[in-house]
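For reference, the structure discussed in these notes is given below.
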Amino acid sequence: MSAAIIDGKAAAAILRARIAEAASDLRGRLGITPGLAVVLVGDNPASQVYVRSKAKQTVEAGMRSFEHKLAAETTQEELLALVDRLNADEAVDGILVQLPLPAQIDAGLVLERIDPAKDVDGFHPINAGRLAAGAPGLVPCTPLGCLLLLKQLRPDLAGLEAVVIGRSNIVGKPMAALLTAESCTVTIAHSRTRDLPGVCRRADILVAAVGRPGLVTAEWVKPGAIVIDVGINRVSAPELGEGKTRIVGDVDFDSAAAVAGAITPVPGGVGPMTIACLLANTVTAACLRRGLPKPAL
Ligand code: NDP
């Protein structure tokens, strides 16, 4: 292996410490304790783990956590009514509705109901529009975390060729917008891209946000490139015992690491940064909502 391993766990711990400092400063100077409300509908096991982890880290950063666990059969009207209450609640600075939602609920409608000033996931069309327009707003946590990892490695990304595989509203598109704002030359690739390996080989920065285990191999990676693996894929792992599974990314780590200059592992790369950026967005929302300057985190 030649690539440097980008330690997302360590970077997330440093970011969380800065967030805790900013939260403590807000409380000490202005009596403000930022609050994050997380709404979970149903009993999706992965969502339960995420929500628990978000609540724990919120409290550890010195902020308030409000958990709302609703039954799987909750109606759209009931969920919208809860969002309305959270929008009106002064103690709540950030609202996160955990996805996926049960089939009877239109996720787009719910996300649009969240006050854009409290939209710490950055999924509201107003915040997506602000990001596309290069205006300040709340930015989706996963691409924000990827950008922070990149900038820690290379503070100036201007002029670099970036290829983002994936064009979802949650990761791919906002990632491309953030890299464009950093003056990278950005290509967004997807399932219809022709000669994907050839497109990827142009990249100084290659971000994979696909959901296909091990899709990106050494042949796709330009020597020395920075590879950011967003994918979280559960695959069977008979080597760990019968019926066991493990999490892998979209990048075939071992082969890509032999060519890349730096690479994020999965787990321990982008994942930890996502929750840390959610906390960062909560502190940012607490400040911007009150007309205070955005804290430098
Ligand atoms: P989506 O399924 O919404 O989007 C996947 C994208 O990948 C689509 O744009 C799709 O193209 C493209 N794609 C699918 N197959 C291929 C292929 N064979 N070649 C090229 N492109 C392909 O996924 P998300 O963006 O929500 O998530 C992507 C991955 O990131 C998942 O593994 C997810 O679990 C993970 N994730 C990780 C997070 C973290 O915290 N680390 C947070 C969020 C997501 P098309 O548009 O043409 O269909």
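The values are calculated or read from the model by the stated rules, or taken from the named source; none is laboratory data. Computed from a prediction, not measured in an experiment: that's the story for all the values here. Backbone-built Cβ (ideal geometry, glycine too); neighbour counts: all protein chains shown. Surface accessibility is based on the protein's heavy atoms, side chains included, excluding ligands, DNA and RNA. Shrake-Rupley method; radii C 1.70, N 1.55, O 1.52, S 1.80 Å.
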Open item on the list: All but one of (1) loosely packed, with under 15 Cβ neighbours inside 10 Å; (2) among the aliphatic types (A, V, I, L, M); (3) under 29 Å from residue 150 (Cβ atoms) hold for residue 12; state the number of the condition that does not hold.
Closed with: (1)
- [ ] Enumerate the pairs (first residue in the range 156-181 and at pLDDT 95 or above and open to solvent by less than 10 Å² (accessible area, probe 1.4 Å); second residue anywhere and in a loop (DSSP other than H, G, I, E, B) and away from the ligand (no atom under 16 Å from the Cβ)) with beta-carbon separation below 8 Å, excluding pairs fewer than 6 apart on the same chain, so at least 6 apart or on different chains.
- [x] 157/182; 157/183; 157/184; 162/184; 162/204; 179/157
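Results for (1) within 11 Å of the ligand (Cβ to nearest atom); (2) assigned by TED's automatic domain parsing to the domain that holds residue 227; (3) touching a Pro at 6+ places or on another chain (Cβ under 9 Å), shown as yes or no for each residue.
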{"site": "150", "(1), (2), (3)": "no, yes, no"}
{"site": "161", "(1), (2), (3)": "no, yes, no"}
{"site": "165", "(1), (2), (3)": "yes, yes, no"}
{"site": "174", "(1), (2), (3)": "yes, yes, yes"}
{"site": "177", "(1), (2), (3)": "no, yes, yes"}
{"site": "193", "(1), (2), (3)": "yes, yes, no"}
{"site": "196", "(1), (2), (3)": "yes, yes, no"}
Open item on the list: Could you check the range 204-230 and list, in sequence order, the residues that are of a type in the set (Asp, Glu), over 20 Å from the mean Cα position of the chain (by Cα) and within 16 Å of the ligand (Cβ to nearest atom)?
Closed with: 219
TODO: Given the conditions (1) at pLDDT below 95; (2) open to solvent by less than 40 Å² (accessible area, probe 1.4 Å), report the number of the one that residue 1 does not fulfil.
DONE: (2)
Task: Residue tally, condition more than 15 Å from the ligand (Cβ to nearest atom) and within 16 Å of residue 146 (Cβ to Cβ), over the range 180-191 - done: 4
Open item on the list: Given the criteria at positive phi and either polar (S, T, N, Q) or touching a helix residue (DSSP H, G or I) at 6+ places or on another chain (Cβ under 6 Å) (or both), does residue 62 qualify?
Closed with: yes
TODO: Quick one: in the range 262-281, of everything that is under 21 Å from residue 51 (Cβ atoms) and more than 11 Å from the ligand (Cβ to nearest atom), which residue is surrounded by the fewest Cβ atoms within 10 Å (Cβ to Cβ)?
DONE: 280
- [ ] Could you please find all residues in the range 16-54 being without any contact (Cβ under 8 Å) to a residue 40 or more places away in the chain and closer than 21 Å to residue 247 by Cβ?
- [x] 43, 45, 46, 48, 49, 52
Open item on the list: I'm told residue 284 meets every condition in (1) open to solvent by 30 Å² or more (accessible area, probe 1.4 Å); (2) assigned to a helix (DSSP H, G or I); (3) in contact with a Lys or Arg (Cβ under 6 Å, 6 or more places away or on another chain) except one. Can you identify the failing condition by its number?
Closed with: (1)
Task: Residues of the range 246-261 satisfying the condition of being assigned to a helix (DSSP H, G or I) and within 16 Å of the ligand (Cβ to nearest atom) - done: 253, 256
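Based on what the data block shows, is residue 217 within 27 Å of residue 154 (Cα to Cα), open to solvent by less than 20 Å² (accessible area, probe 1.4 Å) and polar (S, T, N, Q)?
No.
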Open item on the list: For a quick check of your reading of the model, give me the residue pairs whose first member lies in the range 199-225 and is at positive phi, whose second is part of a strand (DSSP E or B), with beta-carbon atoms closer than 9 Å and at least 6 apart or on different chains.
Closed with: 211/233; 214/233; 214/235; 214/248; 214/251; 224/262
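Do any helices (runs of 4 or more DSSP H) entirely within the range 48-155 hold 3 or more residues that are open to solvent by less than 30 Å² (accessible area, probe 1.4 Å) and within 25 Å of residue 295 (Cβ to Cβ), and if so, which?
141-153
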